[in-house]
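Structure first, commentary second.
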Amino acid sequence: MASITIKGKKYPLRFDMYAMEQIEAEFGGLRPMFEALGGGEGASIVKALRSVFRILANSARNEMDLPENVTGEEIRHSSVKAVTDAVRAAIEEGMKSETTGGNEADDEIHDEYLEEIEAKN
């Protein structure tokens, strides 16, 4: 599972159906999320990064049955690159695990998003 350590505390990050639901509610879907993270028109990269971090950290927290809710404020104590790399790793990991079921249509959609992530590197 992807993770990041901030001020000595490890935050696992998980991209799954819970995270997808939260991303759709907050951003309207993956494409608008990627656009916000890429600094699209009128987007606040920091706000988007904080939101995605919070969603992925809480998804992992739910998976691991941990009591503490992550607010997203924790990223203030880390570099933007470190948080961005951890978020990217969690999304890539989650998408790859989702495409192992053999659904070719879903595989193509996930591959398209993975290519967008890699293009931003």
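The values are calculated or read from the model by the stated rules, or taken from the named source; none is laboratory data. Values in this document were obtained by computation on a predicted structure and should not be read as measured data. A quick note on method: Cβ atoms are made from the backbone with ideal geometry, for glycine too, and the neighbour counts reach across all protein chains shown.
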- Item | Residue pairs meeting the criteria (Cβ under 7 Å; at least 6 apart or on separate chains; first touching a residue at least 12 places away in the same chain (Cβ under 8 Å), in segment 1-12; second surrounded by 13 or more Cβ atoms within 10 Å (Cβ to Cβ) and polar (S, T, N, Q)) | Ile4/Ser78; Ile6/Ser78; Tyr11/Ser3; Pro12/Ser3
- Quick one: would you say Leu114 is at pLDDT 90 or above and on the phi < 0 side of the Ramachandran plot? no
- Message: Could you check segment 78-109 and list, in sequence order, the residues that are modelled with pLDDT under 65, part of a helix (DSSP H, G or I) and either on the phi > 0 side of the Ramachandran plot or crowded, with 18+ Cβ neighbours inside 10 Å (or both)?
- Response: none
- Of all residues in segment 62-77, how many are surrounded by fewer than 22 Cβ atoms within 10 Å (Cβ to Cβ), closer than 16 Å to Ser3 by Cβ and either touching a Cys at 6+ places or on another chain (Cβ under 8 Å) or touching a residue at least 12 places away in the same chain (Cβ under 8 Å) (or both)? 7
- Query: Got at least one residue in segment 1-10 being within 12 Å of the chain's Cα centre (by Cα) and in a helix (DSSP H, G or I)?
  - Reply: no
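One line per residue, one yes/no per condition, for (1) within 13 Å of the chain's Cα centre (by Cα); (2) surrounded by 16 or more Cβ atoms within 10 Å (Cβ to Cβ); (3) farther than 21 Å from Ala2 by Cβ:
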site	(1), (2), (3)
Glu24	yes, no, no
Gly28	no, no, yes
Gly39	no, no, yes
Ala48	yes, yes, no
Val52	yes, yes, no
Ile55	yes, yes, no
- Message: Need pairs with beta-carbon distance below 7 Å; first residue without any contact (Cβ under 8 Å) to a residue 40 or more places away in the chain and within segment 24-38, second of a type in the set (Ser, Thr, Tyr) and assigned to a helix (DSSP H, G or I); sequence gap 6+ or separate chains.
- Response: Glu26/Ser51
